[in-house]
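Encoded as structure tokens, the structure appears first; notes follow it.
Rule-based calculations on the coordinates, nothing more; no lab input. Nothing here was measured: the structure is a model prediction, and the numbers come from that model. Every residue, glycine among them, receives a Cβ derived from its backbone with ideal geometry; neighbour counts consider all protein chains shown.
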């Protein structure tokens with residue numbers, strides 16, 4: 001475990017039990033997932049039972065206990081995107097990349113997720129790759145978008 | 001930006017800003033709201049920067065990136081003030097022409113102005129476009145004027161003006177009286193009177209109290225709060241300062257969902273600016289009042305929009321709701337009295353303080369005062385963000401503002417209130433929209449999502465979608481919600497897979513009755529609305545699925561059949577490459593055929609085909 005790396009995150013907080021979620025968010029952002037040893041260290045430090053840490057880490061969708069891919073694909077399945085074919089977009093990405101929703105492609109390039117709503121409903125169907133929004137993504141646009149990120 | 005030591009200092013600074021402001025100076029506002037951003041707002045703004053520099057207009061023309069300008073369907077939007085010329089669908093390539101034609105020569109770029117889909121009439125000025133003409137913006141008023149990252153812009157628009165009034169002319173009780181008199185009700189969905197909530201909290205005996213802003217806008221199809229947090233973050237902060245003063249809180253929290261990274265960034269920046277300017281912190285403007293705000297980020301759980309679950313989440317626990325009473329106003333964050341209001345509610349507060357309660361009660365209906373922001377999306381020409389007085393009819397919103405249904409299709413339903421709302425059929429189009437009227441027809445106001453559906457939407461599928469969504473998001477704490485949604489989801493799957501039985505419908509109604517009365521929180525209680533409203537108004541669609549094993553709108557996959565018309569197929573093989581199961585065979589440049597045994601009815605071939613050769617029935 002890289003103690004300095006973890007310490008740089010923990011030092012931003014007072015170390016109270018209510019800091020648990022923001023700390024886990026920082027670890028998730030920094031490491032791309034929640035490594036076991038780091039999570040245990042957080043529990044000890046802020047005096048929260050490891051069972052509670054585990055319940056939080058598995059309840060909220062943004063946390064992952066396994067490493068994620070280089071690029072995060074988030075396909076919106078909000079109501080408007082659902083009506084405009086969001087699920088077909090998921091299917092297309094899934095079959096092209098050979099990856100199920102919630103998992104990462106074998107080459108470690110892409111993790112595929114669905115989200116409740118990205119709030120860009122006027123441009124449905126919408127997907128996000130990392131922090132970039134892609135508007136009106138019909139199935140035929142998928143190859144071109146993926147190409148931008150494939151190395 | 002100075003640190004304001006007193007209200008007079010603030011007033012003096014505002015006067016200076018006004019003196020420096022030249023209303024005649026051309027200002028270019030590039031929309032970077034939720035709708036335009038994915039279409040390339042940043043690139044368009046960059047192109048303006050370069051084009052203005054090239055023409056030597058730096059310093060002469062002000063360039064701003066604004067919040068949502070409303071008519072998202074025609075993004076990227078660019079508004080040129082002071083003439084209020086509104087350009088739409090602007091791309092990087094259009095920018096030099098706009099600069100040359102409009103900013104240099106004073107003309108209009110005809111192809112970039114609004115054209116009415118029905119009358120073909122063209123309008124170049126914002127105020128003439130029907131979408132804007134029929135609105136009455138209070139909450140969205142500043143969104144297409146200010147740069148959300150500039151405190152000066154906010155101050156120039158009268159920002160933080162309400163603080164003078166509350167700190168030096170009013171007691172906390174008088175603030176509560178005023179808000180109560182205004183008739184403001186919670187914009188998060190349930191419509192609880194805001195003033196009454198504040199009073200309950202004020203009267204609680206505990207010394208430490210909190211205010212919370214609920215920015216966990218989870219309803220799919222809703223982006224009003226996102227637009228306000230991103231486009232006018234200081235309004236939310238100002239509203240919270242007023243609320244905190246009224247109830248006697250020293251600490252506030254804004255809880256934003258993590259899917260809105262820009263909202264988090266803008267709010268954090270605005271809080272920092274407000275702290276530096278002395279609007280947050282100790283002894284604000286020498287009033288003796290101390291207050292500060294912290295931003296908490298959600299972690300991707302819809303249920304955290306429920307107030308007790310949201311509070312649990314800030315405390316560091318999983319987002320499980322608790323039974324009410326006690327209400328958060330009596331026992332909220334860390335067991336202490338807490339006022340929790342939605343983003344739009346807070347953003348209404350400063351203007352109510354400035355203009356007075358009577359001004360606000362003059363807008364709206366008898367029991368629902370003021371305006372409401374809706375995100376108008378789905379099968380409607382002018383998708384976007386609208387703000388109308390309570391009591392505006394659905395027809396006015398969908399047809400007058402929304403420009404009607406695209407492609408001459410027929411209106412089928414409008415869904416309001418997110419997964420907790422219902423589907424309203426055409427016969428209620430003339431319903432004046434307020435909290436009570438929507439409830440009477442089996443839906444709810446909710447936070448303001450308004451999703452229009454045409455004949456291509458299947459109402460069984462829509463209800464199944466919401467049940468699936470809520471099933472995934474139910475926290476699982478109480479049995480009626482957890483098990484009820486599991487069973488409803490099972491039944492819907494049976495129906496859309498062609499295994500529906502007549503007795504499924506009464507069973508669904510029975511399940512809904514139990515869930516509605518016995519679930520702990522609003523998620524389970526209102527989960528029945530999409531089911532019951534579609535069963536009530538669109539029962540024939542259920543019957544077609546169950547009796548005839550047909551989906552009349554051609555949506556429910558397992559009930560469909562895809563074939564390729566040999567006459568129109570060119571043999572381009574686009575569908576063959578897309579088919580995930582290899583069900584399409586045939587020679588190149590010859591008609592293809594779908595193996596019905598292998599076909600999983602995903603519809604990818606139908607979507608890929610450029611020649612309409614794939615048929616669906």
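Quote the relative contact order of region A:71-149 in percent (integer), defining contacts as alpha-carbon pairs under 8 Å separated by 6+ residues. Walk me through the numbers on the way to the answer.
Working: 135 pairs, mean separation 30.4, N = 79.
Relative contact order for region A:71-149 comes out at 39 percent.
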Compute the Rg/Rh shape ratio of region B:20-133: radius of gyration over Kirkwood radius, all on alpha-carbon atoms.
0.94
Note to self: C-alpha centroids of region B:375-439 and region B:132-205 sit apart, in Å, by 26
Note: B:443-455 gets an average of partner chain Cβ contacts (10 Å, Cβ to Cβ) equal to 1
When only C-alpha pairs under 8 Å and at least 6 residues apart count, what is the relative contact order of chain B, in percent?
12
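Using square roots of five times the C-alpha gyration tensor eigenvalues, list the equivalent-ellipsoid semi-axes of chain B in whole Å, biggest first.
The equivalent ellipsoid of chain B has semi-axes of 43, 34, 20 Å.
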Highest mean packing first, using Cβ neighbours within 10 angstrom, the peptides B:540-550, B:114-124 sort as B:540-550, B:114-124
Simple spin-label estimate for residue B:294/residue B:615, 7 Å along Cα→Cβ, in nm, reads 6.5
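Rank-order B:216-223, B:610-617 by packing density, defined as the average count of other C-beta atoms within 10 Å over each peptide's residues, highest first. If you can, show how the numbers build up before the last one.
Values: B:216-223: 29.8, B:610-617: 13.8.
Descending packing order for the listed peptides: B:216-223, B:610-617.
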Could you check what % of the DSSP bridge pairs in the protein assembly as shown are antiparallel, to the nearest 5?
55
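Calculate for the protein assembly as shown the 222 nm mean residue ellipticity that helices alone would give, adding -39,500 (n - 2.57) per DSSP H run of length 4 or more and normalising by residue count, nearest 500 deg cm²/dmol. Mind dumping the intermediate values first?
Numbers: 30 runs with 291 residues, N = 768.
Per the formula, -11000 deg cm²/dmol.
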Relative contact order, percent, region B:371-454 [alpha-carbon distance under 8 Å, six or more residues apart]
37
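Subtracting the Cα-Cα distance from 0.36 nm times the residue separation, let me have the gained length for residue B:439 to residue B:358 in nm, one decimal.
Details: separation 81, 0.36 × 81 = 29.16 nm, distance 2.62 nm.
Result for the pair: 26.5 nm of gain on full extension.
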Packing-based ranking, highest mean first, of B:230-241, B:358-369 given that Cβ atoms within 10 Å are counted
B:230-241, B:358-369
Extension gain from residue B:548 to residue B:110, taking 0.36 nm per residue of separation minus the Cα-Cα distance
152.5 nm
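Return the FRET efficiency for the residue pair residue B:595, residue B:572: r is the Cβ-Cβ distance, R0 is 22 Å, and the value is rounded to the nearest 0.05. Please report the intermediate quantities before stating the final value.
Values: r = 19 Å, r/R0 = 0.86.
With a Förster radius of 22 Å, E is 0.70.
If I take R0 = 41 Å and measure r between the Cβ atoms of residue B:283 and residue B:25 in this structure, what FRET efficiency does the formula 1/(1 + (r/R0)^6) give, to the nearest 0.05? Please list the in-between numbers first.
Values: r = 37 Å, r/R0 = 0.91.
It comes out at approximately 0.65.
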Is any residue of region B:421-463 close enough, with backbone N under 19 Å, to a label point placed 7 angstrom from the Cα of residue B:540 along the Cα-Cβ axis, and if so, which?
B:423-429, B:453-463
Distance (nanometres) between label positions extended 7 Å along Cα→Cβ at residue B:207 and residue B:91:
6.5
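For residue A:130 and residue A:13 in one chain, what is 0.36 nm times their gap in residues minus the Cα-Cα distance, to one decimal in nm? It would help to have the intermediate numbers written out before the result.
Numbers: separation 117, 0.36 × 117 = 42.12 nm, distance 2.64 nm.
Extra length from residue A:130 to residue A:13 when fully extended: 39.5 nm.
Would you tell me the mean number of C-beta atoms belonging to other protein chains that fall within 10 Å of each C-beta in B:35-43, as a whole number? Walk me through the intermediate numbers first.
Details: counts 7, 4, 5, 13, 7, 2, 0, 1, 0.
So the per-residue partner count for this stretch is 4.
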